[in-house]
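Down below is the structure, laid out as structure tokens.
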Amino acid sequence: MEQNHNNRGVTPWKITLKVFEDKEPRHFVQDGTKLFLEGSDEGFCNTQFRHDIEPWLTALFQNEHLNLLAGSGLTCATSFLASKQIGANMDEAEFSTYYGKDTLSKAVETSAKSAGREKANIEDQIRTANKLLEGLEILEHDGKDYGCKALKADLSNILSSLINSVLATETLIDSASTPLKSPEDAARYLMSFLLSFASRTASRDRLHIFTTNYDRVIEWAADMAGIRLMDRFVGTLSPIFRSSRLELDMHYNPPGIRGEPRYLEGLARYSKLHGSLDWHYQNRHVRKVAIPFGAQSFEPYISDVAGCLIFPNSAKDRETSEFPYVELFRDFAAATCRPNTVLVCYGYGFGDEHINRVIEDMLTIPSTHLVIISMDNAGSRISNFYERVGRLDSNITYDRCSICRYCKFS
């Protein structure tokens, strides 16, 4: 988070909040247990913030259409609550075998900057290496060695390490104290978080959860909370991803009443926009592999790591034109870009332009709402997005876009 010095001689955290009738975001600085409005001595405590935020969120969650976009911040927060560690990170890996790694590193840095990041991460490396690999495979048609095998070996090692690090994060969370044992239990917090969204009147449109994460933390918490997640996979032993977008739902017949089925409660739609560590491409189909939550390694369950569908995000939207991602992003656009829609972004850093563009299109509809909850403003991407959307529509107010960075006081 950004830090500023104030007249009390301390270095406080800077918090931004925009609620209700606020025409512009309010900036605060932290001093001890209180927040002070920037430029004044007016102090606030967390109870006052809850008084402002809770009624507004309660009303928004009962809107006609409700969507949740969860980023890596949700997994990091859960892991920290469980183990005081943030788990897997997206730091750069090392290409140790491919001889052209210096040239590749320069291309990775350029790709990261085009995606709005000051520092490259492992997704930038994988994306750039995949593009290079395609070119090298074409060049090697003449029989010469351009380092294709070496680059494939490096990519395989990096993907394996990434998947195992995500599984290790699941282990950190799963090995914590058992659910309901302690009020501070991470599982209890995560279940309560999901139930806050899923506990909607059954007659309203279903909650749709979107995530950019590869892990299964949301599925893990939904199972414990008794929330049924409906995605595009069909099957029991080896579920297959289906392209048909049917508005499937679940109903039940009340005792003594015929012909009047009612909606089943505790149901949500679910889409993983960037794939999942248990998705694998096999025989022309995308299948969900039964990898236990927090397994020691993926290798006993998946033989070829190259078939794992955890594609990195792309500055040029490469993956949104490929199966199955084109179907998932179609669902995201269809769920958000319609009247009377609320989209809550939690722990999403606005680093994916293909997602940001859909959100911008959503905000062109006057009755839509955007809620952003983030621990920090990494790379100023959130504030830049807010300013960019504001320039597109000078009349933007809180009921169109809101920034809420109050994690330390939630």
Subject >> segment 227-278, Rg to Rh (Cα coordinates; Rh as Kirkwood inverse mean 1/r) >> reply: 1.07
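Filter 106/144; 106/152; 106/149; 119/152; 119/144; 84/131 down to the pairs with a C-alpha to C-alpha distance above 26 Å, please.
119/144; 84/131
With all protein chains present, how much of the accessible area of segment 181-240 (probe radius 1.4 Å) comes from carbon and sulfur, to the nearest whole percent?
52 percent
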Original post:
Can you list residues whose amide H is under 5 Å from residue 209's amide H, if they're 5+ apart or on another chain and H is modeled 1.01 Å from N?
Top reply: 68, 269, 270, 271
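The values are calculated or read from the model by the stated rules, or taken from the named source; none is laboratory data. Here the structure is a predicted model, which means the values were calculated and not measured. Ligands, DNA and RNA are excluded from the accessible area calculation, which covers all protein heavy atoms including side chains. Shrake-Rupley method; radii C 1.70, N 1.55, O 1.52, S 1.80 Å.
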